[in-house]
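Notes follow the structure.
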Amino acid sequence: MTLCYMNGKYAPISECHLPVTDMAIQRGAAVFEAIRIYDGKLFGMEMHLERFARSAEGAGIAAGNILPRLPEIFKAGVKMEGCPAEGLVRPYITGGDINNKGSFPEPRFFVLFGGINKTPEEERRRGAVLEPNRMERPFPLCKSINYLLALIPLGGGDKVNHESLYMPAGEITEAMTNNFFLCKDGKIITAPAGRVLDGVTRSVVLALARENGFTIEERCPPRRRAAPGRRGLHHRHRQRDPFGGARRKHHDRFRPSRPCRGTPLQAIFIKYRPLAQLR
């Protein structure tokens, strides 16, 4: 991120600071969004702002005076020098300094403008390795800044894993920053909203899939072991217990058996690739 809007002005990110007394730092109380910029234009801004409002309400943050100001801040920011034509706008609303028993009446906000880290082509070609996380995403109806439970399982090991995959009680729900879609027997299976973050990309992909005649099953697919000698779930590394307990000597890593090339769903992603790269 290279540009920041804070306290009524745009400035380099190095000049913007959040007080250490803010509840975002003290208690992790803050919500955010990530809006893709394509060719200098914002994609799905209204959908993101609707979810942003729901997240703030769910977190007890009084954002009513902030949200109406954001569209103009976004539109002016993407035209400024330092904001890439292909990138991200990330607005944050923090809890501010006052914690009134779980409600935050005086929030702060800032907006970051910058580039995006795309998955390397080699990783896209061979398939990403995901680290199993036996926890459930906490409070998926709120897009919170707190990703600690998703990051803990990534510690140690060979550092090659793309990100963690939530698998509570053996059910696959979603990854840390990505949705999970299983293409099987002509159907698309994905966890229902409420069990997972109701992502903007998820909604767009499901709408496009239905328009193209796909059957959608909103349920959590069970995790299954791969047959010996096949790529899939396999034993290799150790995993730290999210609550600091003893480490397991082995655990299952998840790797797609092969990239989903040539499938009808991939045709949707290729045709609507700009719609399928943000969440």
Inset, instruction - Search the structure for amide H atoms under 5 Å from the amide H of Ala175, placed 1.01 Å from N in the peptide plane, and list their residues when 5 or more places away or on another chain. - result: Tyr166, Phe180
Inset, instruction - Just the number, please: Stokes-Einstein D of the range 3-114 in µm²/s, Kirkwood Rh from C-alpha pairs, 20 °C, 1.002 mPa s. - result: 151
Inset, instruction - Please give the net charge around Thr119, taking every other residue with its beta carbon less than 12 angstrom from that of Thr119, where Lys and Arg add +1 and Asp and Glu add -1. - result: 0
Inset, instruction - Kindly provide the Kirkwood hydrodynamic radius of the range 74-229 in Å, to one decimal, from all pairs of distinct alpha carbon atoms. - result: 18.4
Inset, instruction - Could you quote the convex hull projected area for the range 60-156, Cα atoms only and averaged over all directions, in nm²? - result: 9.5
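How high is the relative contact order of the range 3-114? Use alpha-carbon pairs under 8 Å, at least six apart in sequence, and give a whole percent.
On the way: 200 pairs, mean separation 39.9, N = 112.
The normalised contact order for the range 3-114 reaches 36 percent.
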Legend entry - Size of electric dipole in the range 1-94: Cβ of Lys, Arg +1 and of Asp, Glu -1, about Cα centre, debye, nearest 20: 80
Inset, instruction - Step through the residues of the range 205-216 one at a time and calculate ³J(HN,Hα) from phi using the Karplus curve (6.51 cos²θ - 1.76 cosθ + 1.60, θ = phi - 60°), rounding each to whole Hz and writing x for Gly and Pro. - result: 4, 5, 5, 5, 5, 5, 4, 9, x, 7, 8, 10
Legend entry - Per-residue HN-Hα couplings for the range 58-67 [Karplus 6.51, -1.76, 1.60; θ = phi - 60°; Hz; x = Gly/Pro]: x, 8, x, 9, 7, 9, x, 8, 9, 4
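Quick note: the coordinates plus some simple rules give every number you see, no bench work behind them. This one's a predicted model, so the numbers in the text were calculated from it and none came from an experiment. For neighbour counting, all protein chains shown are included, and Cβ atoms are generated from backbone atoms with ideal geometry for every residue, glycine included.
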